[in-house]
């Protein structure tokens, strides 16, 4: 089964976007840190998954993920989240290192995406 462009992937992408917004605006810390830099690892994972879901949910005409368009959109979303934390919340703060972690996750996802979900060769009509 080819999951690229499947409605369930699109729904998961939109749901994950909303989850990130909710988590970014929540005042709770999320519990104790298990290791130094845990917050940044979570940022990279959250935005890496976001890039995978959008890359798979809206592939191009040749069924390839729109990798760099996806990366740009996800990074812009991260920038907007940080601006929102700066201007709209009292319990959260904007951090450039959060954006850097977001970018690491996004780039890792778009680089690995074609290896994890290769494009099938097109069948030619005889």
Exercise. Within segment 50-75, which residues are under 11 Å from the mean Cα position of the chain (by Cα), under 19 Å from residue 19 (Cβ atoms) and surrounded by fewer than 19 Cβ atoms within 10 Å (Cβ to Cβ)?
Worked result: 73, 75
Exercise. Can residue 116 be described as farther than 14 Å from residue 23 by Cα, over 10 Å from the mean Cα position of the chain (by Cα) and surrounded by fewer than 18 Cβ atoms within 10 Å (Cβ to Cβ)?
Worked result: yes
Seminar exercise, completed: Within segment 1-17, residues at pLDDT 95 or above and over 16 Å from residue 51 (Cβ atoms) come out as 11
Exercise. For residue 40, which of the numbered conditions (1) buried (at least 19 other Cβ atoms within 10 Å of the Cβ); (2) touching a residue at least 60 places away in the same chain (Cβ under 8 Å) fails to hold?
Worked result: (1)
Problem set entry | Subset of segment 76-111 that is within 16 Å of the chain's Cα centre (by Cα), more than 10 Å from residue 47 (Cβ to Cβ) and buried (at least 17 other Cβ atoms within 10 Å of the Cβ) - its residue that is modelled with the lowest pLDDT | 110
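The values are calculated or read from the model by the stated rules, or taken from the named source; none is laboratory data. Bear in mind the structure is a predicted one, so any value in this text is a computation, not a measurement. In this analysis, Cβ positions are derived from the backbone assuming ideal geometry, glycine residues included, and neighbour counts consider all displayed protein chains.
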